[in-house]
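The values are calculated or read from the model by the stated rules, or taken from the named source; none is laboratory data. Bear in mind the structure is a predicted one, so any value in this text is a computation, not a measurement. Quick reminder, even Gly has a Cβ in these numbers, built from the backbone with ideal geometry, and neighbours come from all protein chains shown. Each accessible area value is taken on the protein alone, full model and side chains, heavy atoms only, with ligands, DNA and RNA left out. Shrake-Rupley method; radii C 1.70, N 1.55, O 1.52, S 1.80 Å.
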Amino acid sequence: METIRLGIVMNGVTGRMGTNQHLVRSINAIRAQGGVALADGRRIMPDPILVGRNEAKLSALAKAHGVERWTTDLDAALGNKDDTIYFDSASTGLRPELIRKAIAAGKHIYTEKPVAPTLADALDLYRRAEAAGVKHGVVQDKLWLPGLQKLKMLIESGFFGRILSVRGEFGYWVFEGDWQPAQRPSWNYRKEDDGGIIVDMLCHWRYVLDNLFGGVKSVMCLGATHIGKRWDENGKPYAATADDAAYATFELEGGVVAQINSSWCTRVRRDDLVTFHVDGTLGSAVAGLTECRIQPRAATPKPVWNPDMPQTIDFYDTWQLVPANRTYDNAFKVEWELFLRHVVEGGPFQWNLLEGAKGVQLAELGMHSWRERRFVDVPPVSV
Ligand SMILES: NC(=O)c1ccc[n+]([C@@H]2O[C@H](COP(=O)([O-])OP(=O)(O)OC[C@H]3O[C@@H](n4cnc5c(N)ncnc54)[C@H](O)[C@@H]3O)[C@@H](O)[C@H]2O)c1
């Protein structure tokens, strides 16, 4: 049976996300499993060329992961007609310019989020991609996390009855970098380098809320820079100018209220690094990255407020684990496979540059709300 080769120009793969999630866990994993199977029996085999600025880093990365092709010449890579997809996981600020170039070169686009630092740029990319007739997709990985897939199944099964509210807790302690190295890149903490947790996380929360709980109608967001000084990858101190925590409330279509805290300055005592607690009239659930626990109405304990007595109910013990009745693949890989199929077979692919732009819009409106200290409505994006 025929194998269809798809050449992918992968830019920014020496970075954290590019190496781990996109090269190793997605593209190389797809290659190792023999490609992506199509309905008619043909298979798609991705063939990456790694692009970056640093020859030494690139060649080491290529060698470590058995990739034959790499280059520091992005323009030459874009000029190669045999590589039809441009993928970008480099830093956000450069993205619009590079994607415009790739669209002009006729490439299909697949990109990390945020697709651009501003809504105007994000919409410009969408319009250009549509006008050029290229296919486009944006990483919306959280949708394929096992925990969120289980939540989706609960929603579709009617488990919750009427959903009342969603409380999301995202975050963990990111080390300042002085006595222990930080576990995230330093640009994330500098506004001047397009860092900040609002721009980083609100684009995720947009597609999670829109897809699972109802379209986002309005946002109230309070940001904070709790830690003003950090140390970079070279141990040099710098001013942390970007927001490192965001406390946001969203009104959703259908009346659901969502509150999501995002913070790089919090120590974890909960089930996972992100949890979504959903309360409905017939039951509640708490989903993490992998697991999801439920408490149906009929199994709800009856606490009585009495500060004079130690608590008698073990609240963690009154929940039931949703079983993994199927296997869950890496979330980034699942979306890559859908995108590669979309490139070859056509057909709908809803997680595109327009959806990516909506994420950027929510981040912008979140900043706006913080500045003006009020709720801000989310209008439809005008294409
Ligand atoms: N989907 C997710 O859950 C998720 C999580 C974290 C980050 N991200 C996004 O992924 C992207 C990369 O984040 P990261 O954490 O991997 O960052 P990183 O700093 O580890 O990697 C950035 C990459 O871009 C390259 N780069 C930086 N400046 C460049 C320039 N001037 N020219 C060419 N290449 C340049 C770096 O060499 C590196 O390879 C960001 O847009 C970020 O928002 C997504």
Item checked: Given charges at beta-carbon only (K, R positive; D, E negative), |dipole| of the range 196-259 in Debye -> 160 debye
Notebook entry, point to check: How many nm separate the modelled label positions at Leu94 and Phe175, each set 7 Å beyond the Cα in the direction of the Cβ?
Noted result: 2.7 nm
Next item on the list: Tell me the trypsin sites (Lys or Arg not before Pro) within the range 1-92 that lie in a loop according to DSSP and have at most 10 other beta-carbon atoms within 10 Å.
Entry: Lys81
Item checked: Cross-link pairs beyond the 32 Å C-alpha cut-off, checked among Lys142/Lys229; Lys63/Lys150; Lys333/Lys358 -> Lys63/Lys150
Notebook entry, point to check: Can you work out ³J(HN,Hα) from phi for every residue in the range 173-183, in order, using Karplus 6.51 cos²θ - 1.76 cosθ + 1.60 and θ = phi - 60°, giving whole Hz and x for Gly and Pro?
Noted result: 7, 9, 4, 5, x, 7, 9, 9, x, 5, 9
Notebook entry, point to check: With every protein chain left in place, what is the accessible area of His65 in Å² (1.4 Å probe, nearest 10)?
Noted result: 60 Å²
Check: Counting Lys +1, Arg +1, Asp -1, Glu -1, what net charge surrounds Asp73 among other residues with beta carbon under 14 Å of its beta carbon?
Finding: 0
Checklist line | the chain - Rg over Rh from alpha carbon coordinates, Kirkwood radius | finding: 0.98
Next item on the list: Roll a 1.4 angstrom probe over the protein heavy atoms and tell me the percent of accessible area of the range 242-383 that is carbon or sulfur.
Entry: 52 percent
Check: Quick one: how many Å² of Val376 are accessible to a 1.4 Å probe, rounded to 10?
Finding: 10 Å²
Check: Taking the Cα centre of the range 224-282 as the origin, how large is its charge dipole in debye, to the nearest 20, when only Lys and Arg (+1) and Asp and Glu (-1) carry charge on their Cβ atoms?
Finding: 420 debye
Check: With every protein chain kept in the model, how would you rank Glu169, Glu355 by accessible area, 1.4 Å probe, largest at the top?
Finding: Glu169, Glu355
Next item on the list: Taking only protein heavy atoms into account and a 1.4 Å probe, give the accessible area per residue of the range 68-132 in Å².
Entry: 41 Å²
Note to self: Give me the dipole magnitude in Debye, nearest 20, for the chain about the Cα centre, with unit charges on the beta carbon: positive for Lys and Arg, negative for Asp and Glu.
What the structure shows: 200 debye
Next item on the list: Only residues of the range 1-27 count here: report those whose backbone N is under 19 Å from the spot 7 Å along Cα→Cβ of Arg53, or say none.
Entry: 10-19
Notebook entry, point to check: What net charge is computed for the residues neighbouring Asp271, neighbours being all others with C-beta under 14 Å from the C-beta of Asp271, Lys and Arg scored +1, Asp and Glu -1?
Noted result: +1
Notebook entry, point to check: Looking at the range 134-197, which trypsin sites (Lys or Arg not before Pro) are DSSP coil and have at most 15 other C-beta atoms within 10 Å of their C-beta?
Noted result: Arg162
Notebook entry, point to check: Can you give the % of DSSP beta bridges in the chain that are antiparallel, to the nearest 5?
Noted result: 55 percent
Checklist line | Accessible area of the range 54-147 belonging to carbon and sulfur atoms, whole % at 1.4 Å probe | finding: 50 percent
Check: Solvent-accessible area per residue for the range 232-383 at a 1.4 Å probe radius, Å²?
Finding: 56 Å²
Checklist line | Mean-position separation - Cα centroids, the range 99-168 and the range 63-84, in angstrom | finding: 26 Å
Next item on the list: Enumerate by residue number the trypsin sites (Lys or Arg not before Pro) in the range 325-383 meeting two conditions: DSSP loop (anything except H, G, I, E, B), and at most 12 other Cβ atoms within 10 Å of the site's Cβ.
Entry: Arg326, Arg373, Arg374
Notebook entry, point to check: Taking a probe of 1.4 angstrom, what is the accessible area of Phe250 in Å², to the nearest 10?
Noted result: 0 Å²
Check: For Asp314 and Leu289, what is the calculated FRET efficiency with R₀ set at 30 Å and r taken between the beta-carbons, to the nearest 0.05?
Finding: 0.80
Notebook entry, point to check: Under a Cβ-Cβ cut-off of 9 Å, what is the net charge of the residues other than Lys229 that fall near it, where Lys and Arg count +1 and Asp and Glu count -1?
Noted result: -1
Check: For the peptides 279-289, 314-324, what is the packing order when you average, over each peptide's residues, the other Cβ atoms within 10 Å and list the highest mean first?
Finding: 279-289, 314-324
